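**Q** Submitted below is the structure of interest, expressed as structure tokens.
We did not get these values from a lab; they are worked out from the coordinates using the rules stated. Computed from a predicted model, the values in this text were never measured in an experiment. Using ideal geometry, Cβ is built from the backbone for each residue, glycine included, and neighbour counts are taken over all protein chains shown.
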């Protein structure tokens, strides 16, 4: 199942903050920042259980993350990935000449990848390093 | 007019800062002296002769035309502060082309990067391709930007073009931008600049405008809520005397800056 | 049973976020953090993470044939200096999670190397600084807000998550001198596309469409001037609600807007902040109104201060032509990296591999990286040289600037591991090596 015409927001969460201080290379960090949070009703349309890996795609890239249901809704049409290595695979790097990338507000689509493997931070960033 | 020909002989690995390439800097110099003029390649001090083959001759400023061949898309600041003469660039060009110029003419036969014509005080800048962000704008921290002169861009301009433009009725200075289309924030903080767009624009056009004239002949994605419709017109007289005919909706704004304003935005009626 | 001697440190500063809490209590036994009081979850974790662990660097590291080996300080600094000198356009980036002395040394090193000097404001509140440079800003201090503000607006900011104790120390639940009834003496407004945890405890939540903050601020300013607008709704907010909000703004005694990435990281970036500042200024025709950016890192404000008083500019500075030049968009880290214009990076007290867009990281990885970093992070793991520092604010003293630019003194509550040096000393030694090699 998939959803399109979504808007992707990114930002801090307290869990992501605790995890990054505890160790960015830990599993705790994946569970804190390698996630995508959905509006309750939007998530029903995906027809899967919370925690199922989903692929988030924007004009700038794609990334596999665990799905969760928001505690900060309702926000139909909006998905949220905490700031970090996962969100940075799909954010808009264009700064429109001002220096700061457009980390929030990208158009996105999402599809379930039931057997997908969500990478940890080191593996994920490692893919950006060419051989 | 005499010509000095510059042909790029090796592509710079980092941006080349070429603020010395102006008729003012070439005037009265021999070819050897021109070849020795300094340029910056990242932190390395190099000369024009290191990167360009130089031929032709220079005279006084008004009669010197510089023709640049080769891909100078990574060469910045060409034409900076020039007061006269001509520059023709036969490719895309890097940031800051023609910035702070006060006279003369620059023609770019390709695209220009951000900050083209920034702080323009006079003269003419023509770009046949597209241009980046901050075209004809004020530099960071300056609250008066382009104050005279004309910029023509056949294609699109990016965000915040003509930022802090300032006109002067007593001095008869009407900074003007003609372009094919524009992104957002065209005419931001406008204090009298004139903008005429042949095609479409994005959002926040004329934001914080105090006075000035912005004409959109195509469509606008969204007009700012602080702009108020006055009436429909069939003719617009620009401050520089030019007349535009056609059906336009006339808006006053930006009313977030003041309750009454001389600022005007015209959107074509299809 | 041997009783461990516990030393309690009072009034310790927390080196995590821009709230820079100054009331932490840290218990140390046997040079380890054993208990914390008053800190939030994140601050607690930070102090505990300075204890010995598997993911802290205890010795300098040099990468050889794809894996790290221990090195002496001399070796590692030598290799780092070589990398920086050889580079034609080196970037010195980060500086936000360290103290002001170190930041000053960073400026010196960048100037000497004729490098690009940038800090994390570049991807965070840089737009706020750009806006302040254009239209100024009516700012005040957190203490003033705590004592006086009866109207508090969080715009594009979610303090429950990103500044956990801000609400209980300065802006919401605390009793102030003129706000003796604490929470009951304040009206909290949240503007956000999501009904965040902060919005859920506010008095008024305004749901705004993403990327349309500028239009809403623009409409509010016009309504404030008494202009009757044509639109029925702006940015997803009905005109009636906008008019109600303007009434609330005008009728307060002392209002403050706290704003965050919702303004700086969405489309129109610094122009969102420009409009918010103009609104704040215009509200002073009716009542007292101020604003403050919710700075993310505990000393990014300090980095801006130190860079500014040394060079005239707060971030995105280029020294390649032997004097300081400033232009975000041209000299900002992400833009430079996206164009692959940087050929070596020195990362200090930050983690760009995690926090920069993928395209910028990809290009950064093509060239040598030196990381001054205590923990294993995606940046350090892929670096070529690692120089292990002491934790500023835990293992060494220094000055940090809070989000409202108040300077406070970071404390030292325990010793760093033997081979970990303070950031300022590492940068000083690196500068000496560079000067030595260039024959000064």
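**Q** Send over the per residue convex hull volume for the stretch A:2-126, Cα only, as a whole number of Å³.
**A** 105 Å³
**Q** Another one. I need the peptides C:237-249, C:155-167, B:228-240 ranked by packing, meaning the mean over residues of other C-beta atoms within 10 angstrom, with the highest value on top.
**A** C:155-167, C:237-249, B:228-240
**Q** Using the 10 angstrom Cβ neighbour count as an exposure proxy, how do B:135, C:62, A:69 rank, fewest first? Intermediate results must be reported in sequence, preceding the final value.
**A** Numbers: B:135 32, C:62 18, A:69 14.
The most exposed by this proxy come first: A:69, C:62, B:135.
**Q** Looking at chain C as a GNM with Cα springs under 10 Å, which of C:54, C:18, C:255 has the largest mean-square fluctuation?
**A** Its mean-square fluctuation being the largest, the pick is C:54.
**Q** In addition: What is chain C's relative contact order, in percent, from Cα pairs under 8 angstrom and six or more apart in sequence? Don't skip to the end; give the middle numbers.
**A** Details: 941 pairs, mean separation 107.7, N = 440.
Answer for chain C is 24 percent.
**Q** Once the cut-off is 20 Å, how many percent of the Cα-Cα pairs in the stretch C:126-293 end up in the long-distance tail?
**A** Result: 48 percent of Cα pairs exceed 20 Å.
**Q** On average over all directions, what projected area in square nanometres does the stretch C:238-379 have, based on the convex hull of its Cα atoms?
**A** Dividing the Cα hull surface by four gives the mean projection, 11.8 nm².
**Q** Something else: How many angstrom lie between the C-alpha centres of the stretch A:1-36 and the stretch C:53-113?
**A** The stretch A:1-36 and the stretch C:53-113 have Cα centres spaced 29 Å from each other.
**Q** Helix-derived [θ] at 222 nm for the protein assembly as shown: sum -39500 (n - 2.57) over DSSP H runs of at least 4, divide by residue count, nearest 500?
**A** Values: 24 runs with 195 residues, N = 841.
-6500 deg cm²/dmol, from helical runs alone.
**Q** Under a no-solvent Debye model with one identical scatterer per Cα of the stretch C:58-181, what's log10 I(q)/I(0) at q = 0.12, 0.13, 0.19 Å⁻¹?
**A** Relative scattering, expressed as log10 I(q)/I(0), comes to -0.74, -0.81, -1.17.
**Q** How crowded by other chains is B:219-232, given as the mean number of beta carbons from other chains within 10 Å of each beta carbon?
**A** Working: counts 0, 0, 0, 3, 3, 8, 18, 14, 5, 5, 1, 0, 0, 0.
If you average over the peptide's residues, the count of other-chain Cβ atoms is 4.
**Q** If the viscosity is 1.306 mPa s and the temperature 10 °C, what translational diffusion coefficient in µm²/s does Stokes-Einstein give for the stretch C:383-440 when Rh comes from Kirkwood over Cα pairs?
**A** Here the translational diffusion coefficient equals 121 µm²/s.
**Q** Would you mind calculating the relative contact order of the stretch C:208-293 from Cα pairs under 8 angstrom and at least 6 residues apart, reporting the percent as a whole number?
**A** Relative contact order for the stretch C:208-293 comes out at 35 percent.
**Q** Neighbour counts of other C-beta atoms within 10 Å: give me C:154, C:95 arranged from fewest to most.
**A** Fewest-to-most Cβ neighbours within 10 Å comes out as C:154, C:95.
**Q** On a 0 to 90° scale, report how tilted helix C:73-86 is relative to the longest principal axis of chain C, with both axes built from alpha carbons and the result rounded to the nearest 10.
**A** For C:73-86 against chain C, the angle is about 70 degrees.
**Q** Follow-up. Would you mind telling me which residue in C:35, C:111, C:101 has the biggest mean-square fluctuation in a Gaussian network model of chain C, where springs connect alpha carbons within a distance under 10 angstrom?
**A** It is C:35.
**Q** Please determine, in degrees from 0 to 90 and to the nearest 10, the orientation of helix C:239-251 with respect to the longest principal axis defined by the Cα atoms of chain C, where the helix direction is its Cα long axis.
**A** It works out to around 80 degrees.
**Q** Please list, by residue number, everything in the stretch C:411-436 whose backbone N is under 20 Å from a paramagnetic label point 7 Å out along Cα→Cβ of residue C:37.
**A** C:411-414
**Q** Report, as an integer, the average count of C-beta atoms from other chains found within 10 Å of each Cβ along C:326-336.
**A** So the per-residue partner count for this stretch is 6.
**Q** Could you give the semi-axes, largest first, of the ellipsoid that matches the stretch A:53-131, computed as the square roots of 5 times the alpha carbon gyration tensor eigenvalues and rounded to whole Å?
**A** That gives 20, 20, 11 Å for the three semi-axes.
**Q** What ratio of Cα Rg to 2.2 N^0.38 Å holds for chain B?
**A** The value comes to 1.05.
**Q** Would you look at the GNM of chain B, springs on alpha carbons closer than 10 Å, and say which of B:218, B:123, B:141 moves the most?
**A** B:141
**Q** Using all C-alpha to C-alpha distances in chain C, build P(r) with 10 Å bins and read off the rounded percent in each one.
**A** 4, 21, 29, 24, 15, 6, 1, 0
**Q** Right, something else. Other chains near B:248-257: what is the mean number of their Cβ atoms within 10 Å of each residue's Cβ?
**A** Partner Cβ neighbours, averaged per residue: 4.
**Q** Cα centroids of the stretch B:89-108 and the stretch B:227-270: how far apart, whole angstrom?
**A** So the separation of the two Cα centres works out to 31 Å.
**Q** Which order do peptides B:39-51, B:251-263 fall in by mean Cβ count within 10 Å, highest first?
**A** B:251-263, B:39-51
**Q** Separation of the stretch C:339-362 and the stretch C:180-239 by C-alpha centroid, Å?
**A** Computed from Cα coordinates, the inter-centre distance equals 36 Å.
**Q** Then there is this: Quick one: angle between helix C:269-283 and the longest Cα principal axis of chain C, in degrees between 0 and 90, rounded to 10, please.
**A** 40 degrees
**Q** Distances over 14 Å make up what percent of all Cα-Cα pairs in the stretch C:6-48?
**A** 39 percent
**Q** So for the stretch A:2-126: antiparallel DSSP bridges make up what percent, rounded to the nearest 5? Before the final figure, lay out each step's value.
**A** Numbers: 17 of 26 bridges.
Just about 65 percent of them are antiparallel.
**Q** Kindly put C:186, B:222 in sequence by how many other C-beta atoms sit within 10 Å of each C-beta, fewest to most. Kindly include the intermediate steps, with their values, before the conclusion.
**A** Working: C:186 20, B:222 14.
Going from sparsest to densest Cβ surroundings: B:222, C:186.
**Q** Pairs of alpha-carbon atoms within less than 8 angstrom and 6+ residues apart define the contacts here; what relative contact order does chain B have, in percent? Before the final figure, lay out each step's value.
**A** Values: 917 pairs, mean separation 26.8, N = 270.
It rounds to 10 percent for chain B.
**Q** Beyond 15 Å, how much of the Cα-Cα pair distribution for the stretch C:285-354 remains, as a whole percent?
**A** On the way: 1620 of 2415 pairs.
Of all Cα-Cα distances in the stretch C:285-354, 67 percent exceed 15 Å.
**Q** For the stretch C:339-440, what size does the Cα cloud have along each of its three principal axes, sorted from largest down, in whole Å?
**A** That works out to 40, 38, 27 Å along the principal axes.
**Q** In whole Å, what are the Cα extents of the stretch B:111-268 along the three principal axes, biggest one first?
**A** 36, 30, 28
**Q** So, one more: What would the Debye formula give as log10 I(q)/I(0) at q = 0.06, 0.09 Å⁻¹ for the alpha-carbon point model of the protein assembly as shown, no solvent?
**A** Those come out to -0.41, -0.93, one per q.
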